[in-house]
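Since every read-out is calculated from the coordinates, none of them should be taken as a lab result. The structure displayed is predicted, hence computed values, not measured ones. Because the Cβ atoms are built from the backbone with ideal geometry, glycine has one as well, and the counts that use them run over all protein chains shown.
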Amino acid sequence: PLRRLRSARAERLVAAATAVGAGAVVVATALVRDGAVLAAQRTRPPALAGRWELAGGRVEAGEAEEDAVVRECREELGCAVSPTGRVGTDLLIDAGVLRVHAAVLVDGSAPTALEHAGLRWVGPAELEAVDWVDADRAVLPDLRALLGPS
Ligand code: DCP
């Protein structure tokens, strides 16, 4: 079940649940270049294969979220990124809580699909048409605001 958390109280409940091991923190990267965001096509699990996501993964114990963003982009996309801040609110997913961070490419770096079936840069006008995984679709209003008008 997916729902947006709006209250500070709800945010604290997620923090408490995460602290006792009830779920993982998963970071996703809104990598922005030239007014477009990078979408990556999942290969697993079967239920999500073929659908598109913001690249990311589980934050490791003791790891800062920004460091997880940098690590996941290096592992999955083979590129160097610099995080620039949170996008949207916490999202509850089966694995725990999903937190999106915006990021930009470090000069000269470019993403490659090392673990995904494909990559595409998505401008504001195309955001809606992409077959996003459910959690990432919930971030579209925030992505639109991040990218600006089409
Ligand atoms: N997820 C999501 N949206 C994203 C990224 C991830 O909904 N943009 C979800 C899908 C998975 C969970 O988060 O249920 C973990 O994502 P990954 O499998 O990509 O992350 P890891 O490879 O780090 O996790 P695992 O330990 O499962 O291999």
Test: residue in the stretch 107-127 that is away from the ligand (no atom under 13 Å from the Cβ), closer than 24 Å to R44 by Cα, of a type in the set (S, T, N, Q) and not in a helix (DSSP H, G or I): yes
Residue among A55, A61 that alone is closer than 28 Å to A16 by Cα and away from the ligand (no atom under 11 Å from the Cβ): A61
Matching residues in the stretch 54-96 - criterion: being in contact (Cβ under 8 Å) with a residue 40 or more places away in the chain, surrounded by fewer than 21 Cβ atoms within 10 Å (Cβ to Cβ) and aliphatic (A, V, I, L, M): L92, I93, A95
Strands (runs of 3 or more DSSP E) completely within the stretch 19-66 that count 1 or more residues being among the polar types (S, T, N, Q): 24-33, 36-41
